[in-house]
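For reference, the structure discussed in these notes is given below.
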2 protein chains.
Amino acid sequence: MNRPDRLIAEVGTAELMGQIGRAAREAARKIALVAPEQKNEALLAAARAIRNSSPAILAANAKDVEAARARGTTNAFIDRLTLNESRVAAIARSLEEIAGLNDPVGSVIARWQRPNGLIIERVRVPLGVIGIIYESRPNVTADAGALCLKSGNAAILRGGSESQHSSHAIHACLVEGLKEAGLPEAAIQLVPTTDREAVGQMLKGLDGAIDVIVPRGGKSLVARVQEEARVPVFAHLEGICHTYVDKDADLDMARQIVLNAKLRRTGICGATETLLVDRGAPAHYLSVLVKALLDGGCAVRGDEATQQVDPRVTPATEEDWATEYLDAIISVKLVDGVNEAIEHIARYGSQHTDAIVTNSTETAEEFLRRVDSAIVLHNASTQFADGGEFGFGAEIGIATGKMHARGPVGVEQLTSFKYVVRGTGQVRPA
Amino acid sequence: MNRPDRLIAEVGTAELMGQIGRAAREAARKIALVAPEQKNEALLAAARAIRNSSPAILAANAKDVEAARARGTTNAFIDRLTLNESRVAAIARSLEEIAGLNDPVGSVIARWQRPNGLIIERVRVPLGVIGIIYESRPNVTADAGALCLKSGNAAILRGGSESQHSSHAIHACLVEGLKEAGLPEAAIQLVPTTDREAVGQMLKGLDGAIDVIVPRGGKSLVARVQEEARVPVFAHLEGICHTYVDKDADLDMARQIVLNAKLRRTGICGATETLLVDRGAPAHYLSVLVKALLDGGCAVRGDEATQQVDPRVTPATEEDWATEYLDAIISVKLVDGVNEAIEHIARYGSQHTDAIVTNSTETAEEFLRRVDSAIVLHNASTQFADGGEFGFGAEIGIATGKMHARGPVGVEQLTSFKYVVRGTGQVRPA
């Protein structure tokens, strides 16, 4: 038995996880206060370690891939899991990019003076300990660990059993970086067991040791986390994103945006799943858009009107409006203007990302104001729903909740704040 | 039986609370989008109704006070419960002040342009539905309801059975204001039953209808809410606040700050409970501060050194360092400089509010940076821990958690945000 397995056999998963939680809390207290340079040193050293360990990481990854093949998993799954030289280099580069971001900790968000002379500042501080529960993508180990460190938080990473060898090899490089920079190794811990009980323990918060959980993976993982977690969760269950083409849209712009929003990548959460077209638009709008999608290799499931424009369109059922395809499939519906579009999105959407295409500023503003989603766009593709595209440098995930974090969650949203008040002897009047 | 009691008898508390939740969610959708003027109209009309209904409110309050007296509750409790002409006028004035605050909804927190021309705005939006669970203070009905409305949120108020008549009379005025302004009455609902089961239902979130819970009351209420709630909670369990007097403090300033921090009002959460004095300070510092407290009518429980300076000092036990007295009692300890002060606060504090008195900028900055509390002050009284004193106009409570809200929770922190992205046809490159 290896060390963690021996520990589990001796003391059980609960004790192992408790130790991890306490170590993380202790590490969090330390890294909350270290200088930006020291954290960056750790990230850059980790990037070097990743590059130097590329053969070892690829060998570990080969084991995971082999096991996955033996289990007969899907090609999409194998693709997410597989690393190669260039993917390993991208992981190292990503660590360097995170090192290059502005350090959020200690930055002054707001500053004002009171009539009594007190100067009040709102200053960013780390959240504490962040638990990340993820599935097959090995790069999450590096990205999530690095984003937590950059924002002064300790990370407890729990990767999927499918990617365990890859994750351990990458995690070893992160630990090397922490050691080189003189930071506590427990700042980024990888749960050393694939026992599912460990996830349950994390969702309960490890006796107050975990401040927030970020799940990264498919809908069933996120659903379990949202259902069972007794600590805050930054997540989106799904991205049922809409693009609404208004009667005042430029047809050519609409066509380009719709094709990009649906087909640039079909497997990301910001991909459009439903196209809504204004009944008041010129008749050929619907047909041009639908044919462009069909010709682009997209299956179209439409309402009555949409079925009329092309024989390749199949009927949409009630279920289609509530489905995140994550595939080259789109549902299409004719609606009575921006109001019905907004109502449709309120009913079937997932408060993730929704877009309007129109040249009417008035209609656009109505849509932007009333659609209750994390991201609303005017004349742009829903595929911009991404921390990198927002300029955050990197994201740990996208959240659709309204508590604390919303939309792409970058290093700033992995922080809290405190009030720093500077006086000259002020006392509060009776 | 009155209407709610009949409803409970017929369908049970769960169904009643479910109806309240659904009505709140529906109202929240509407008031999230109304203009600031309409919300202010409702608040001003409610203030007028409070003034006009003063006799009815006082009569209702008299019933509550009488019942409390009959139960033999403490004088402090009776004082918190009792209204008079001037307290009713203060409630009305408070509504007017909240109407006068800047409307947070729709305000642009940040705005930037991406190299591809996209303009991204971070815009405040309401959180949704806020549940407030409170005890004896009848004014919470008006303040909490008004702060929720101002920030575009629906409120579900659950007052204590002790103040039920007062709360109903005040709530009726709020509803009158909503009606006059043409806003949905369900925007501010008062749970019409004192069945404790209703609280349990609220803590479970009413099937997703409640977004956040704010408890207002004693430690046992807050502890129950924090323990049982399955939705986010904005709260502080207790305020074990510290004032640390450094060797480089001005003694006169320190004396004034310590007296104010402890004795201005002893029953508020920002009152100092422990005085820490630097062992390196001139010997008379400790004695001057302790005697000033004793002479000011404060009981002092001290460590060995503190017991030496005055016979009136009684010994502090380990429990004292972890006690929120909320009374004219203070614990006093000599510490080895700012480091031991910070360690003591980390061990015994409640991450609420802590202050340092020193003329050394370096020592002050060390304290402000390392003390992990919602509010840290330099050369000022801990009693400034208050939304009004921060310039927020009013607060719904003070939070010590790090998620979303922290410190005094005013209208801004009762909002979330969304990203509004304006483009000119941008699509995301492959």
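We did not get these values from a lab; they are worked out from the coordinates using the rules stated. Everything numeric here is computed off the predicted structure, so don't read it as measured data. Glycine also receives a Cβ, built like all others from the backbone with ideal geometry; neighbour counts cover every protein chain displayed.
Some observations on this one:
- Mean separation of Cα contacts under 8 Å, 6 or more apart, over the residue count of chain A: relative contact order %: 18 percent
- The distance between label points at residue A:51 and residue B:85 comes to 8.1 nm (points 7 Å beyond Cα on the Cα→Cβ vector).
- Residue-level result for chain A: its Cβ closest to the axis carrying A onto B, with that distance in Å, is A:404, 2.
- Charge dipole (segment A:95-200, unit charges on Cβ, about Cα centre) - positive-most of A:95, A:178, A:128: A:128
- Normalising the average separation of contacting C-alpha pairs (under 8 angstrom, six or more residues apart) by the number of residues puts the relative contact order of segment A:241-390 at 32 percent.
- Label-point gap, in nm, between residue B:317 and residue A:310 - each point 7 angstrom along Cα→Cβ: 8.0 nm
- A point 7 Å from Cα along Cα→Cβ stands in for residue A:424, and the other copies hold the same point at 5.0 nm, listed in rising order.
- Cβ crowding within 10 Å, taken as a proxy for footprinting-reagent exposure, orders A:298, A:173 from fewest neighbours to most as A:298, A:173.
- GNM on chain A, alpha-carbon springs under 10 angstrom: the most fluctuating residue among A:264, A:369, A:29 is A:369.
- Electrostatic bookkeeping for residue B:92 treats Lys and Arg as +1 and Asp and Glu as -1; over the other residues with beta carbon under 9 Å from its beta carbon, the sum is +2.
- Shown is the FRET efficiency for residue B:76 and residue A:339, computed with R0 = 51 Å from the Cβ-Cβ distance and rounded to the nearest 0.05: 0.40.
- For chain A, lysine pairs separated by 8 or more sequence positions, or belonging to different chains, with Cα-Cα distances below 21 Å total 18.
- Estimated from the Cβ-Cβ distance and a Förster radius of 35 angstrom, the FRET efficiency linking residue B:287 and residue A:113 is about 0.50.
- Residue of B:52, B:359, B:116 that the Gaussian network model of chain B assigns the largest fluctuation, springs spanning Cα pairs under 10 Å: B:116
- FRET efficiency for residue B:251 and residue B:161, using Cβ-Cβ distance with R0 set to 60 Å, rounded to 0.05: 0.75
- Stretch gain in nm, segment residue B:362-residue B:66, where the contour uses 0.36 nm per residue and the Cα spacing is subtracted: 101.0 nm
- Among B:17, B:202, B:253, the largest mean-square fluctuation in a Gaussian network model of chain B (Cα springs under 10 Å) belongs to B:253.
- Projecting 7 Å from Cα along the Cα-to-Cβ direction, the label point of residue A:117 sits 5.4 nm from its equivalents in the other copies, listed shortest first.
- DSSP bridge orientation in chain A - percent antiparallel, rounded to nearest 5: 30 percent
- Note on the protein assembly as shown: antiparallel DSSP beta bridges, both residues inside, total approximately 25 percent of the bridges counted.
- Separation of segment A:48-78 and segment B:210-267, taken as the distance between their Cα centroids, equals 52 angstrom.
- Screening chain B for DSSP H helices whose Cα atoms reach 20 Å or more along their own axis and whose mean Kyte hydropathy is at least 1.6 gives nothing.
- Counting from the shortest, the label point at residue A:315, 7 Å from Cα toward Cβ, is 8.6 nm from the same position in each remaining copy.
- Cα centroid of segment B:338-365 to Cα centroid of segment A:287-323, whole Å: 64 Å
- Charge sum, other residues only, whose C-beta stays under 9 Å from residue B:104's C-beta, Lys/Arg counted +1 and Asp/Glu -1: 0
- By the count of other C-beta atoms within 10 Å, a proxy for reagent exposure, A:306, B:353 are ordered fewest to most as A:306, B:353.
- Cβ-based exposure ranking for B:43, A:174, in which fewest neighbours within 10 Å come first: B:43, A:174
- Projecting the Cα positions of A:257, A:296, A:314 onto the charge dipole of segment A:241-390 (unit charges on Cβ atoms of Lys, Arg, Asp and Glu, taken about the Cα centre) puts A:296 furthest along the positive direction.
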